[in-house]
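The values are calculated or read from the model by the stated rules, or taken from the named source; none is laboratory data. Remember, it's a predicted structure, so these values are computed and weren't measured experimentally. With ideal geometry, Cβ positions are generated from the backbone for all residues, glycine too; neighbour counts draw on all protein chains shown. Side chains are part of the model used for accessible areas, which takes the heavy atoms of the whole protein and leaves out ligands, DNA and RNA. Shrake-Rupley method; radii C 1.70, N 1.55, O 1.52, S 1.80 Å.
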Amino acid sequence: MSNEKFTPGPWKVSNYRPYDIIARDPKESTYDVGDDKFAPIAVVNRYGLSNQQEFFKNSHLISAAPEMYEAIKTLCANNIENLNCPASDCEVCFVKKIMKKARGEL
């Protein structure tokens, strides 16, 4: 990611605690994964979910966020004409609104 203000990916679901979303952090290591150091950046609330599979799916969805963000950003940048979204009209584009939401700008 370029200059976004959130923790850069990749994010992973911890093998030890499947409710921890972890990211590479050489300074504040809680988990060692191979040669890399990881620390928790988010915890998925598992209370109130009647289905444990839903909890695990939520963890994996959140852990994929940085990669999904980059994919959307790349697709949008490379397909402005194909998306019927002219560059001059990006403020009303639903893709740009989703990107702003992800950056905490909405």
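Here residue 94 sits with roughly 150 square angstrom of accessible surface, probe radius 1.4 Å.
In this rough spin-label picture, where each label sits 7 Å from Cα along the Cβ direction, the residue 50-residue 16 distance is 3.4 nm.
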